Amino acid sequence: MSALRTVEEHLAAVLAGVTPLDDFRQPLLDALDLACAEDVVADVALPRFDNSSMDGYAVVQADVVTASDEAPVRLPVVGEIGAGMGADAVTRLDPGTCAKIMTGAPLPEGADAVVPYEWTDRGAPEVWITRSPATGQHVRYAGEDVDHGDLLVEAGTRLGPRHVGLLASVGRAGVRVRPRPRVAVLSTGSELREAGTPLDDDADRDAIYDGNSWLLAAAVRRAGGIPLRVGLVPDRPDAFLRVLREQRGRADAVITSGGISMGDWDVVKEALSGGAGDDHDVWFGGVAMQPGKPQGFGHLLHGGTEDRPPRRVPFFALPGNPVSSYVSFELFVRPALRRMMGLAPESHVPVTARLTHRVTSPPGRRQFLRGALTVATDGSGAQVEPVGGPGSHLLGDLASSDALIVVPEDATVLEAGADVTVLRLDQD
Ligand code: AMP
Ligand code: MG
């Protein structure tokens, strides 16, 4: 048996085997949650022009500087300026006059401050002013928020609602982003049946419902991809290869579960092992972890001509036990999908928490136990309680956990009270 890869070695091999998908221009709303693929520079300033931040009167500040309750200043009101009034608005102000101005409306040339309504008798055609603004007060100057040439969004930023709003505000209707990867997900196993079908036939005596393709398809969607759930494939290499050849043409990546351990009918391994083949190049081996020791990763080759090499479609062969396939997805597939989307691959923020109960772990393997994390509000920190046992078939326990407890390779026992690293699940 060849040496096991470490978790880091396998992750590095996986990440080296995926590249960001080609970017394309999307309308703004469709770009939400995707990675920006261009440095967006402002070619419109924000504000676009000097404008008022209050409803009031645009003035020459020197005219009203002495204004007080005891000695109000009286000015003629020469006209109005409302937001969007365009050419109908007052655009120039002579000293000794003022103009009504509304929030957001452009400051007329010559004016250098705004007196809010509250400091006046709101009069027209003459207004009494009882208090003076400072020069520039209640004026929002052109470019004070965003200037021409400012870098608004850096390539690689995952676009959120605030970025979308900013891009629209500088007049951008679309932006270049990396697309969501389309990921084919299929489960192998002759024992598997579709959810929704009854299992009361004699032939279904040893059948089980397929959970993995649903679990993995849901995880793909959570990670930002588009799952193409293919469903079930029996443990027959010919049938398996046929489905794989159908899928590699329409998918940016393919995930299978099951059929990669030491059993007699391990279909994925049987069909694809032997290293580089005509239309595939897949590594199978062991990773020093529990659950998820058997792993396969490589590429399905598709198309290609004499002048053009075939497309290399990343291929993940995950173990069949549901907990193993889920943990494998979180550790290896999710980072890879993130890289394909143009995002930084690391996704789980590791936190340190105090273990509530003693746990044991096999030597030489990094164990990922399911846990329930609580973060105390009294400042005493985070603690994590193991949920269920280490068995990789314990899907019920997996569903009621919200974290993975990481037990290092060299630890065989961690006592209650020990500090452990915890990977939070479902954080984005
Ligand atoms: P395998 O690696 O194919 O031998 O599968 C390991 C274990 O996981 C077996 O008990 C399988 O029945 C189970 N298993 C494999 N695939 C699935 C699946 N899609 N849904 C639920 N259990 C599965
Ligand atoms: Mg199987």
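The values are calculated or read from the model by the stated rules, or taken from the named source; none is laboratory data. Computed from a prediction, not measured in an experiment: that's the story for all the values here. FYI the Cβ positions are ideal-geometry reconstructions off the backbone, even for glycines, and counts take in every protein chain you see. The protein model used for the area step is the full one, side chains on, heavy atoms only, and it has no ligands, DNA or RNA in it. Shrake-Rupley method; radii C 1.70, N 1.55, O 1.52, S 1.80 Å.
Quick notes
- Most simply put, the chain has about 70% antiparallel DSSP beta bridges, counting only bridges with both residues inside it.
- Amide H contacts under 5 Å for Tyr209, placed H, 5+ residues apart: Arg193
- Inter-site label distance for Ala83 and Leu241 at 7 Å from Cα along Cβ, in nm: 6.7
- Alpha carbon convex hull of segment 350-424, projected area averaged over orientations, nm²: 4.6
- Rounded percent of accessible protein surface that carbon and sulfur make up, segment 245-320, 1.4 Å probe: 47
- Apolar share of the accessible surface for segment 51-140: 49 percent from carbon plus sulfur atoms, 1.4 Å probe.
- Mean projection of the Cα convex hull over all viewing directions, computed for segment 77-222: 17.1 nm².
- For Ser347 and Arg74, a Förster radius of 45 Å and the Cβ-Cβ distance give a FRET efficiency of 0.10, rounded to the nearest 0.05.
- Average accessible area per residue (Å²) across segment 297-376 - probe 1.4 Å, nucleic acids and ligands excluded: 40
- Amide H contacts of Ser361: Val413, each under 5 Å away and 5 or more positions distant or on a separate chain (H built 1.01 Å from N in the peptide plane; Pro and chain starts excluded).
- Met262 contributes about 140 Å² of solvent-accessible surface, heavy atoms of the protein only, 1.4 Å probe.
- Note on the chain: the C-alpha convex hull projects to 31.9 nm² when averaged across all orientations.
- Calculated FRET value between Tyr209 and His357, using beta carbons and R₀ = 35 Å, to 0.05: 0.65
- Here the Karplus relation 6.51 cos²θ - 1.76 cosθ + 1.60, evaluated at θ = phi - 60°, turns the backbone of segment 324-334 into coupling constants of 4, 5, 5, 4, 4, 4, 4, 7, 10, 6, 4 Hz, with x for every Gly and Pro.
- Using Cβ point charges alone (K and R +1, D and E -1), the dipole size of the chain about the Cα centre works out to roughly 800 debye.
- Taking every C-alpha pair closer than 8 Å and separated by at least 6 residues, the mean separation divided by the residue count of the chain gives a relative contact order of 16 percent.
- Euclidean distance of C-alpha centroids, segment 119-196 and segment 270-311, integer Å: 42
- Inter-label distance, nm, simple model (7 Å from Cα along the C-beta direction), Arg229/Asp428: 2.5
- In order along segment 90-95, the phi-based Karplus estimate (6.51 cos²θ - 1.76 cosθ + 1.60, θ = phi - 60°) of 3J(HN,Hα) comes to 5, 10, 9, 10, 8, x Hz; Gly and Pro are listed as x.
- The accessible surface of segment 350-424, taken with every protein chain in place and a 1.4 Å probe, is 53 percent carbon and sulfur.
- All other residues whose Cβ lies under 12 angstrom from that of Gly82 are scored, Lys and Arg at +1 and Asp and Glu at -1, for a net of -2.
- A Förster radius of 56 Å, combined with the Cβ-Cβ distance separating Glu306 from Glu126, puts the computed FRET efficiency at roughly 0.05.
- With Cα atoms defining each centre, segment 216-244 and segment 18-80 are spaced 50 Å apart in the structure.
- Residue-normalised accessible area of segment 51-140, expressed per residue, 1.4 Å probe, Å²: 48
- What the pair-distance distribution of segment 294-397 shows, using all Cα-Cα distances binned every 10 Å from zero, is 12, 30, 31, 16, 7, 3, 0 percent.
- For segment 412-420, the Karplus equation 6.51 cos²θ - 1.76 cosθ + 1.60, evaluated at θ = phi - 60°, returns couplings of 10, 9, 10, 7, 4, x, 5, 7, 10 Hz by residue, with Gly and Pro reported as x.
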